[in-house]
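Reviewing the structure listed below.
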Amino acid sequence: MSFPQLDMSHPIFRDYTWELDVVPPWRVEDCEHCLEFTQPESAGAVHISGAWKSNGVVSETEMLSQVTEHCSDDAEPEKVRCGAFAGYVAEYVDWQEGTFWKKWFVARGRSLLFISYNCPQGDEDFETEEVTSLLSSLRSK
């Protein structure tokens, strides 16, 4: 899958069903199955991928099942809003790898976004505000 290119003269990234503001120093890279957002002095990375439901809208039950399937058993899902999208977020530490994970499963209509942020355990507070700001600019197209 190939994603549209980011034009830094107009810092908005547009995908097929969503868009968000990409303010420097954030950079975006197409990683084949997702988009990766990083900063030059970043502790971690944000990854965004999505799916389109063919019939009906994405339900809360479907989002919660994604949390169960893709997060650690001790992760507690919380309701969240990321711009125009709403759903659930959960965070946990993979102690074997020493990695902090925060995962969002948010939807608007038929569009479901899978968003993750990971970094070395202990660095999770380093760019919390920047990640929150990036995700708060999510809009549906």
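You will find that of Thr68, Thr38, the residue that is more than 19 Å from Glu129 (Cβ to Cβ), among the hydroxyl-bearing types (Ser, Thr, Tyr) and free of Cβ contacts under 8 Å to residues at least 40 places away in the same chain is Thr68 and no other. Being touching a residue at least 40 places away in the same chain (Cβ under 8 Å) and either among the β-branched types (Val, Ile, Thr) or more than 25 Å from Ser54 (Cα to Cα) (or both) is the filter here, so list the residues in segment 97-123 that pass it. Answer for segment 97-123, where residues must be touching a residue at least 40 places away in the same chain (Cβ under 8 Å) and either among the β-branched types (Val, Ile, Thr) or more than 25 Å from Ser54 (Cα to Cα) (or both): Phe100, Val106, Ile115, Tyr117, Asn118, Cys119, Pro120, Asp123.
Looking for whichever is at pLDDT below 90 and closer than 20 Å to Ser111 by Cα here; the options are Trp26, Trp18. Which one fits? The conditions single out Trp18.
If the condition is being of a type in the set (Gly, Ala, Ser) and in a strand (DSSP E or B), then segment 99-118 contributes Ala107, Ser111, Ser116.
Tally time: how many residues in segment 111-131 are touching a Cys at 6+ places or on another chain (Cβ under 9 Å) and not acidic (Asp, Glu)? The qualifying residues number 5.
Scanning segment 119-141 for residues that are buried (at least 19 other Cβ atoms within 10 Å of the Cβ) and part of a strand (DSSP E or B) turns up just one, Cys119. For segment 84-95, the criterion of a residue being part of a loop (DSSP other than H, G, I, E, B), surrounded by fewer than 19 Cβ atoms within 10 Å (Cβ to Cβ), at negative phi and under 17 Å from the mean Cα position of the chain (by Cα) is satisfied by at least one position.
The values are calculated or read from the model by the stated rules, or taken from the named source; none is laboratory data. Everything quoted here is computed from the prediction, not taken from an experiment. Positions of Cβ are generated from backbone atoms using ideal geometry, with glycine treated the same way; all protein chains shown enter the neighbour counts.
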